[in-house]
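The numbers here are math on the coordinates, done by the rules we state, and not lab data. Since this is a predicted model, take the numbers as computed values, not measurements.
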Amino acid sequence: MKIIAFGGSNSTQSINKRLASYAASLFENAEVEVLDLNDFAMPIFSVDLEKEIGQHEIAKAFLSKLKEADILVVSMAENNGNYSVAFKNVFDWSSRIEKDVFQHKPMLLLATSPGGRGGSSVLGIAQNLFPRYGAEIKGSFSLPAFGSNFDLQENKISNTELDNELKDIIKSNF
């Protein structure tokens with residue numbers, strides 16, 4: 001089983017990439033590949049630019065990576081209550097090539113933030129929108145107060161109750 005995981009942020013210190021990596025590591029007998037959105041940087045999408053250059057090769061590469069997956073683990077970064085620009089741009093370019101960006105793959109959808117709501121706004125937006133783009137969301141999880149609930153040295157959730165909640169979601173749905 002192959003898992004493709006990524007955080008919806010282009011921060012080099014992305015807490016969502018850390019959460020996605022950790023969650024992916026909890027799947028038994030899985031090969032995990034963690035994508036970095038910085039490897040999929042493209043000019044800001046516009047229909048005028050698309051008309052000029054056509055389908056972007058980097059968006060094709062992103063879709064190709066998702067196609068390799070048996071399961072997707074995606075942790076959404078929240079910027080002002082919505083997707084990060086980095087994720088939205090990759091998503092916009094990709095959706096113009098293939099409407100079902102997530103290719104009907106089972107998905108574990110996550111979010112975290114430094115605050116107490118744990119990215120719940122962007123998580124809700126993604127839960128509503130992603131199925132229209134081929135996501136088969138099997139479970140979702142929000143980790144509040146990342147700095148207090150995630151051990152950067154151990155690279156895992158330090159709050160036992162929250163850690164068990166994530167593990168139960170994976171065990172029950174995948």
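Could you work out the helix-only [θ] at 222 nm for the chain, with each DSSP H run of four or more residues adding -39,500 (n - 2.57) and the total divided by the number of residues, to the nearest 500 deg cm²/dmol?
So the helix-based figure for the chain works out to -12000 deg cm²/dmol.
Would you work out the relative contact order for segment 2-173, in percent, from Cα pairs under 8 angstrom that are 6 or more residues apart?
Here the relative contact order equals 22 percent.
Where a ≥ b ≥ c are the square roots of the eigenvalues of the C-alpha gyration tensor, would you call segment 1-135 rounded, which needs a/c under 1.5, or, failing that, prolate if a/b is larger than b/c, or oblate?
oblate
Taking Cα centroids, how far is segment 115-162 from segment 1-69 in Å?
With segment 115-162 and segment 1-69 each reduced to a Cα centre, they are spaced 17 Å.
Can you list the residues, at least 5 places off or on another chain, whose amide H is less than 5 Å from the amide H of Gly139, using H built in the peptide plane?
The answer is Met107, Leu109.
Would you pull out the residues with amide H under 5 Å of Asn79's amide H, same chain only if 5 or more places away, H placed 1.01 Å from N?
Ser84
Under the Karplus relation 6.51 cos²θ - 1.76 cosθ + 1.60, θ = phi - 60°, what is the ordered set of whole-Hz ³J(HN,Hα) values for segment 55-62, x standing for Gly and Pro?
So the J values, rounded to whole Hz, are 5, 6, 4, 5, 5, 4, 5, 4.
Could you list which residues have their amide H under 5 Å from that of Val101, counting only those 5 or more apart in sequence or on another chain, with H placed in the peptide plane?
Correct list: empty.
Find the Rg to Rh ratio for segment 24-78, where Rh is the Kirkwood radius over alpha-carbon pairs and Rg uses the same atoms.
Using only Cα positions, Rg/Rh for segment 24-78 is 1.07.
Can you tell me how much longer the chain between Asn164 and His104 gets when fully stretched, taken as 0.36 nm per residue apart minus their C-alpha distance, in nm with one decimal?
Between Asn164 and His104, full extension yields an extra 18.9 nm.
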